[in-house]
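Have a look at the structure below, then the notes.
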Amino acid sequence: MNIQNKKAWEYRAYEFWNKKYGSPIERAKQIVANPRASLKKHQEYFDYIEGLKIANICGSNGRKAVPLSLLGADVTLFDISEENKRYALELAHHANTSIDYIVGDIYDLDINRFADYFDILYLEGGILHYFHDIDKFMTILFTILKEGGKMILSDFHPLRRCIGPNNQYEDNYFDQEVQSGDVAYKQFFDERDQQDFPDVLVKPYTLSEIINSVISSGFTLQKFDEHRGWNHENMPWEFTIQAVK
């Protein structure tokens, strides 16, 4: 599953980030002007982070890791895509800061190296569906977090899957099969180019599966927030979990 997803996320991703966010030079100027604002709805979770070790899991192009670094944290970004790494490291360079970027499958993480290492784990942007075994994933996260450390996990709300085109209800909430789909940025290319894009593989989870996995792996759940959509839809579009070890 992750082999296929790596192939998809390394196909024209660097080109897309430049299209969406501008060049790393342009984006860096925006982040440097107000690093905290780049964290958007998660600003409140990162009030005092100077000197802390933060793992940005599946941190993609660095648009969250770089502002965290500018705010004084020691940031390590884990991701599966070399194309994402290219943009992120250029972004950090032009923001006059640095991040560590490790490319690989999180299931293959060197647990001995990172056990009890990080003060904060930050996961956002919709990543859970890329992991076919959420309990294994949560166990890895719990292992690399320090005692007393904090996990901030923000993801797509599972109810969002039930809203189809024109806000029509789709009866698919409890579907559990691995599914083939489009990589997130495919739609931003013209139809002719889209034909060449590799598919991603995703595993849908219910909200209870996500919360129970967090708890059963050993985390203590502290806070659960639900967020409206980007256009202020009157339904939960994303959620954020705060949990501690």
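Among the residues of the stretch 185-192, are any more than 20 Å from the chain's Cα centre (by Cα), in contact (Cβ under 8 Å) with a residue 12 or more places away in the chain and surrounded by 14 or more Cβ atoms within 10 Å (Cβ to Cβ)? Yes, some residue in the stretch 185-192 is more than 20 Å from the chain's Cα centre (by Cα), in contact (Cβ under 8 Å) with a residue 12 or more places away in the chain and surrounded by 14 or more Cβ atoms within 10 Å (Cβ to Cβ).
From the list Thr240, Thr220, exactly one residue is surrounded by fewer than 15 Cβ atoms within 10 Å (Cβ to Cβ) and hydroxyl-bearing (Ser, Thr, Tyr). Which is it? First the steps, then the outcome.
Values: Thr240 fails: surrounded by fewer than 15 Cβ atoms within 10 Å (Cβ to Cβ).
Of Thr240, Thr220, the one residue that is surrounded by fewer than 15 Cβ atoms within 10 Å (Cβ to Cβ) and hydroxyl-bearing (Ser, Thr, Tyr) is Thr220.
Quick one: in the stretch 151-172, which of the residues that are charged (D, E, K, R) and assigned to a loop (DSSP other than H, G, I, E, B) is nearest to Glu233 (Cα to Cα)? Among those residues, the one meeting the criterion is Glu170. Checking each residue in the stretch 70-97 for being surrounded by 20 or more Cβ atoms within 10 Å (Cβ to Cβ) and part of a loop (DSSP other than H, G, I, E, B) picks out Leu71, Ala73, Ile80, Ser81, Ala95, Thr97. Of all residues in the stretch 98-138, those satisfying the criterion of being crowded, with 18+ Cβ neighbours inside 10 Å and assigned to a helix (DSSP H, G or I) are Ile106, Phe114, Leu128, His129, Tyr130, Ile134, Phe137, Met138. Is it true that some residue in the stretch 194-205 is free of Cβ contacts under 8 Å to residues at least 40 places away in the same chain, surrounded by fewer than 14 Cβ atoms within 10 Å (Cβ to Cβ) and closer than 27 Å to Leu141 by Cα? Checked against the condition, which is being free of Cβ contacts under 8 Å to residues at least 40 places away in the same chain, surrounded by fewer than 14 Cβ atoms within 10 Å (Cβ to Cβ) and closer than 27 Å to Leu141 by Cα, the stretch 194-205 yields no hits at all.
Does Ile31 count as over 30 Å from Gln179 (Cα atoms), in contact (Cβ under 8 Å) with a residue 40 or more places away in the chain and out of contact with any Ser or Thr (no Cβ under 8 Å at 6 or more places or on another chain)? When the stated conditions are applied, Ile31 does not pass them.
The single condition among (1) assigned to a loop (DSSP other than H, G, I, E, B); (2) in contact with a strand residue (DSSP E or B) (Cβ under 6 Å, 6 or more places away or on another chain) that Ala55 does not meet is (1). Can you spot a residue in the stretch 176-183 that is closer than 26 Å to Arg12 by Cα, surrounded by 13 or more Cβ atoms within 10 Å (Cβ to Cβ) and of a type in the set (Ser, Thr, Tyr)? No: the stretch 176-183 contains no residue that is closer than 26 Å to Arg12 by Cα, surrounded by 13 or more Cβ atoms within 10 Å (Cβ to Cβ) and of a type in the set (Ser, Thr, Tyr). Taking the stretch 15-34, which residues are surrounded by 19 or more Cβ atoms within 10 Å (Cβ to Cβ) and not β-branched (Val, Ile, Thr)? Of everything in the stretch 15-34, those that are surrounded by 19 or more Cβ atoms within 10 Å (Cβ to Cβ) and not β-branched (Val, Ile, Thr) turn out to be Phe16, Trp17, Pro24, Arg27, Ala28.
The set of residues in the stretch 155-214 being charged (D, E, K, R) and closer than 21 Å to Asp133 by Cβ consists of Asp155, Arg161, Asp175, Glu177, Asp199, Lys203, Glu209. In the stretch 173-245, counting only strands (runs of 3 or more DSSP E) that sit wholly within it, the ones holding 3 or more residues that are touching a strand residue (DSSP E or B) at 6+ places or on another chain (Cβ under 9 Å) and modelled with pLDDT of 95 or more span 200-202, 220-227, 238-244.
Pick from the stretch 42-69 the residues that are among the β-branched types (Val, Ile, Thr) and over 13 Å from the mean Cα position of the chain (by Cα): which of them is surrounded by the fewest Cβ atoms within 10 Å (Cβ to Cβ)? Let's see the steps before the verdict.
Step one: filter the stretch 42-69 for residues among the β-branched types (Val, Ile, Thr), giving 49, 54, 57, 66.
Keeping just the survivors that are over 13 Å from the mean Cα position of the chain (by Cα) gives 49, 54, 66.
On the way: Ile49: 19, Ile54: 26, Val66: 31.
This residue is Ile49.
The values are calculated or read from the model by the stated rules, or taken from the named source; none is laboratory data. On a predicted model such as this, the values are computed, not experimentally measured, just so you know. For neighbour counting, all protein chains shown are included, and Cβ atoms are generated from backbone atoms with ideal geometry for every residue, glycine included.
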